[in-house]
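Below is one structure, written out as structure tokens; comments come after it.
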Amino acid sequence: MAKKKTPSGVCSFCGQPADLLLPSMDGGAICENCIRSAYTCLENYYSENAPAKKEQLPDFGKLPTPKEIVDYLNNYVIGQDTAKKFLAVAVYNHYKRLCQPKTDDNVEIEKSNIVMVGPTGTGKTLLAKTIAKLLKVPFAIVDATVLTEAGYVGEDIESLLVRLLQACDYKVNEAERGIVFIDEIDKIARKGDNPSITRDVSGEGVQQGLLKLLEGSVVNVPPNGGRKHPDQKMIPVDTKNILFICGGAFEGIERKIAQRLNTHTVGYGSDMTKRKFQRDNLMSYVTPQDLRSFGLIPEIIGRLPILTNLEPLDREALKRILTEPKNAIVKQYEKLFLMDGIKLVFGEGVLDLIVDKAIEYKLGARGLRSMMETIMIDAMYEAPSSKRKTFTVEYDYAKERLEKANFDAMQ
């Protein structure tokens, strides 16, 4: 016996047996087929006539201005005003690119990748690490020395983006607006123009592989890094909005610059004062032409439109690095001793000795830490076991420790 559907018996719309009473209609009822049809009609209507959703732009709060970025960098990095200015403007414009709404003028702001050139120990990596503390976008520092062409032992080009994904817990949307600092970019320069029987698997081929990352394209990234496998699941990442900052020492590029500037060395057209100034600070005259002479291909130079240099640190700057920044080397050692209840004091002339030795061995700011560690190693070994409350590093003590370490043999 068939079950009775509703008291009214039939659908008020199609006349078929009804399944549901309609309380808003006197005695009205509706069947299951009419319910489905009405739902589909309403869904189509609202989807076609729904108001357009506004584009969701990333919210960074109050954007730090270039001057505010430079002021923050000054707390940790001494000197390098030109590099700080270039870096601050690039990062600020990167923020604004991400916040750019779509307008009717069809003007789309393109990113401007940066390459920083400077001797070792001048603060290229420190600038990148310091600015990472300030940014509200994912930031990753990667090394170009491990990169090789696909199929050779080493890292694939796409592995550069793995660090960026790890920095934002593999949230692809956040990674696609991040910043990547590629260190040691000079190590992938091609070794020469003369062909040989051996392939330059970590040189020009790597530069060509970097082109699609720097310019912007969808790249399939292995989730755990390493080599690609046919059956491995890949993560697609669009690099269009990723800002790339490259840094390298470019050891020997001064000779390329000197050759380009070496005109009218004798005769009436020579200017000895100008030539001396150029010889003392050749890196400040670096141009894309010099990068090409060093071994970077023109295509990758064109994708790094902003070129800036870091100046060699003089004696005054090195001494300020020892004491002034928030993470100054002297402050670090004072805190280490203070944790053992010991006050550390440096005698007159000790810091000057450390600076002079760092300049003598041409180690830059990294040499300051090396010299300090050599001087303090015995004190850090003995002081925690002693009951003394103050430890003073005298000039003769520091000089004796450096001589004992045979630093003079480095020359």
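The values are calculated or read from the model by the stated rules, or taken from the named source; none is laboratory data. From a predicted model like this one, the values you see are computed outputs, not experimental measurements. FYI the Cβ positions are ideal-geometry reconstructions off the backbone, even for glycines, and counts take in every protein chain you see. Just so you know, the surface numbers come from the protein's heavy atoms only, side chains and all, with ligands and any DNA or RNA stripped out. Shrake-Rupley method; radii C 1.70, N 1.55, O 1.52, S 1.80 Å.
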Q) Checking GLY154 against (1) open to solvent by 70 Å² or more (accessible area, probe 1.4 Å); (2) modelled with pLDDT under 85; (3) over 13 Å from the mean Cα position of the chain (by Cα), which single condition isn't satisfied? A) (1)
Q. Of the conditions (1) at pLDDT below 85; (2) open to solvent by less than 70 Å² (accessible area, probe 1.4 Å), THR287 fails just one. Which one is it?
A. (1)
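For region 297-314, give me each residue that is of a type in the set (A, V, I, L, M, F, W, C), under 20 Å from the mean Cα position of the chain (by Cα) and not in a helix (DSSP H, G or I). Step through it out loud before you land on a result.
Of the residues in region 297-314, the ones of a type in the set (A, V, I, L, M, F, W, C) are 297, 300-301, 304, 306-307, 310, 313.
Filter once more, so that each one left must be under 20 Å from the mean Cα position of the chain (by Cα): 300-301, 304, 306-307, 310.
Once the filter is applied, which keeps residues that are of a type in the set (A, V, I, L, M, F, W, C), under 20 Å from the mean Cα position of the chain (by Cα) and not in a helix (DSSP H, G or I), region 297-314 yields LEU304, ILE306, LEU307, LEU310.
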(Q) Against the conditions (1) within 15 Å of LEU161 (Cβ to Cβ); (2) in contact with a Lys or Arg (Cβ under 9 Å, 6 or more places away or on another chain); (3) at pLDDT below 80, where does ASN224 fall short? Just the number, please. (A) (2)
(Q) Can you tell me which condition LYS362 does not meet? The list is (1) open to solvent by 30 Å² or more (accessible area, probe 1.4 Å); (2) closer than 23 Å to PRO384 by Cβ, and all the others hold. (A) (2)
Q: Output the number of residues of region 84-98 satisfying the condition of being touching a helix residue (DSSP H, G or I) at 6+ places or on another chain (Cβ under 8 Å) and open to solvent by 10 Å² or more (accessible area, probe 1.4 Å).
A: 3
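If you go through region 375-382 one residue at a time, do you hit one that is open to solvent by 20 Å² or more (accessible area, probe 1.4 Å), part of a helix (DSSP H, G or I) and touching a Ser or Thr at 6+ places or on another chain (Cβ under 7 Å)? Steps first, answer last, please.
So the first thing to find is which residues in region 375-382 are open to solvent by 20 Å² or more (accessible area, probe 1.4 Å), and the list is 377-378, 380-382.
Narrowing the set further to residues that are part of a helix (DSSP H, G or I) leaves 377-378, 380-382.
If we keep only those that are touching a Ser or Thr at 6+ places or on another chain (Cβ under 7 Å) as well, we get none.
No, region 375-382 contains no residue that is open to solvent by 20 Å² or more (accessible area, probe 1.4 Å), part of a helix (DSSP H, G or I) and touching a Ser or Thr at 6+ places or on another chain (Cβ under 7 Å).
With the condition kept exactly as written, say whether any residue in region 330-347 is within 22 Å of LEU87 (Cα to Cα), assigned to a helix (DSSP H, G or I) and under 33 Å from the mean Cα position of the chain (by Cα). Give the steps one after another, and end with the answer.
Here is the first cut: in region 330-347, the residues within 22 Å of LEU87 (Cα to Cα) are none.
For region 330-347, residues within 22 Å of LEU87 (Cα to Cα), assigned to a helix (DSSP H, G or I) and under 33 Å from the mean Cα position of the chain (by Cα): absent.
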Q. Right, VAL142: touching an Asp or Glu at 6+ places or on another chain (Cβ under 8 Å), open to solvent by less than 30 Å² (accessible area, probe 1.4 Å) and touching a residue at least 40 places away in the same chain (Cβ under 8 Å) or not?
A. yes
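Out of all the residues in region 118-130, which are surrounded by 23 or more Cβ atoms within 10 Å (Cβ to Cβ) and either among the aromatic types (Phe, Trp, Tyr) or assigned to a helix (DSSP H, G or I) (or both)?
First, pick out the residues of region 118-130 that are surrounded by 23 or more Cβ atoms within 10 Å (Cβ to Cβ): 118, 121-124, 127.
Within region 118-130, LYS124, LEU127 qualify.
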Q. Do you know which of the residues in region 383-393 that are touching a strand residue (DSSP E or B) at 6+ places or on another chain (Cβ under 6 Å) and not aliphatic (A, V, I, L, M) is surrounded by the fewest Cβ atoms within 10 Å (Cβ to Cβ)?
A. THR390
